[in-house]
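Undergrad: I am attaching a structure below and will ask some questions about it afterwards.
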Amino acid sequence: SIGLLGLIIGNIIYLNIRSFTFNWGDVLIIEAVLFWAMEIILAKKLLQDLPARVVAGGRMIFGSIFIWLFLLFTNQAVLVLDMTLQQFAWIGITAVLLFTYVITFYSGLKYISAVQATSILALGAPITGVLSALFLGKNIVAYSWFGLILIIFSILLICGFDFKNIKIWVGRKNK
């Protein structure tokens, strides 16, 4: 659709991608995206019969089990014993953020399509860009702003936003 194309073009403009060299990092990210897509489809299926909090809780529990299995199979579980209280605190903070993300995402996924839900997540690029500018002192150049705006409009298109409402609203404000 036009919205998906706009989303891709918006990200290319925002990220200022002029050339692309495929490397091992790209392979790993594509692999992660495939796993993520499978997770979302599975969650969407489960949400037909289960509440979002149950599906989210299951995702967090099974995710924790897989992390522990990974640590065990790679002989890294012993490293947990050497962690400081501050490191455990950071793990706790990120766990709370992750659970908050999962519960809100799955709650929304129950009511909209998987494609709409994942497209809305593309707002992460503009939000991260603006937050990086505000808190990390990163500059956003003019063409990047155009890319960010294109991303936002593309997401609105994908979600079925009726742009006629903007004309009506703007028309009322100008009277």
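The values are calculated or read from the model by the stated rules, or taken from the named source; none is laboratory data. Here the structure is a predicted model, which means the values were calculated and not measured. Heads up, the Cβs are rebuilt from the backbone with ideal geometry, glycines too, and the neighbour counts pull from every protein chain shown. The protein model used for the area step is the full one, side chains on, heavy atoms only, and it has no ligands, DNA or RNA in it. Shrake-Rupley method; radii C 1.70, N 1.55, O 1.52, S 1.80 Å.
Undergrad: Suppose the filter is at pLDDT below 90, among the small types (G, A, S) and at negative phi; does S19 pass it? Let's see the steps before the verdict.
TA: On the way: at pLDDT below 90: yes; among the small types (G, A, S): yes; at negative phi: yes.
Spelling it out, S19 is indeed at pLDDT below 90, among the small types (G, A, S) and at negative phi.
Undergrad: Looking at T94, is it modelled with pLDDT of 90 or more and either out of contact with any helix residue (DSSP H, G or I) (no Cβ under 9 Å at 6 or more places or on another chain) or not in a helix (DSSP H, G or I) (or both)?
TA: So T94 fits the description; yes.
Undergrad: Same structure, new question: For residues that are in contact (Cβ under 8 Å) with a residue 24 or more places away in the chain and within 17 Å of the chain's Cα centre (by Cα), scanning just the range 13-29, find the one that is nearest to P126 (Cα to Cα). Lay out the reasoning, then the answer.
TA: Kept after step one, since they are in contact (Cβ under 8 Å) with a residue 24 or more places away in the chain, are these residues of the range 13-29: 13-16.
If we keep only those that are within 17 Å of the chain's Cα centre (by Cα) as well, we get 14-15.
Values: Y14: 8, L15: 10 Å.
This residue is Y14.
Undergrad: Also, I was wondering about something else. Residues being of a type in the set (S, T, N, Q), closer than 21 Å to S119 by Cα and either open to solvent by 80 Å² or more (accessible area, probe 1.4 Å) or in contact with a strand residue (DSSP E or B) (Cβ under 6 Å, 6 or more places away or on another chain) (or both): count how many of those fall in the range 1-36. Talk me through it step by step, then tell me what you get.
TA: Taking the range 1-36 first, the residues of a type in the set (S, T, N, Q) are 1, 11, 16, 19, 21, 23.
Next, from what is left, pick out any that are closer than 21 Å to S119 by Cα: 1, 11, 16.
So of that shortlist, the ones also either open to solvent by 80 Å² or more (accessible area, probe 1.4 Å) or in contact with a strand residue (DSSP E or B) (Cβ under 6 Å, 6 or more places away or on another chain) (or both) come out as 1.
Selection size over the range 1-36: 1.
Undergrad: Take the residues in the range 37-67 that are open to solvent by less than 60 Å² (accessible area, probe 1.4 Å) and hydrophobic (A, V, I, L, M, F, W, C), then tell me which one is farthest from I91 (Cα to Cα).
TA: L47
Undergrad: Additional query: Please work out which residue is nearest to the chain's Cα centre (by Cα), limiting yourself to the range 45-91 and to residues that are outside any helix (DSSP H, G or I) and among the polar types (S, T, N, Q). It would help to see each step written out before you state the result.
TA: Within the range 45-91, the subset outside any helix (DSSP H, G or I) is 47-51, 74-76, 83-84.
Add one more test, that the residue is among the polar types (S, T, N, Q), and what stays is 48, 74-76, 84.
Details: Q48: 22, T74: 28, N75: 31, Q76: 28, T84: 30 Å.
Restricting to residues being outside any helix (DSSP H, G or I) and among the polar types (S, T, N, Q), the top hit is Q48.
Undergrad: Still on this model: Is it the case that the range 110-121 has a residue that's assigned to a helix (DSSP H, G or I), among the aromatic types (F, W, Y), at pLDDT below 95 and out of contact with any strand residue (DSSP E or B) (no Cβ under 8 Å at 6 or more places or on another chain)?
TA: Of the range 110-121, the ones assigned to a helix (DSSP H, G or I) are 114-121.
Those left that are additionally among the aromatic types (F, W, Y): none.
No, every residue in the range 110-121 fails to be assigned to a helix (DSSP H, G or I), among the aromatic types (F, W, Y), at pLDDT below 95 and out of contact with any strand residue (DSSP E or B) (no Cβ under 8 Å at 6 or more places or on another chain).
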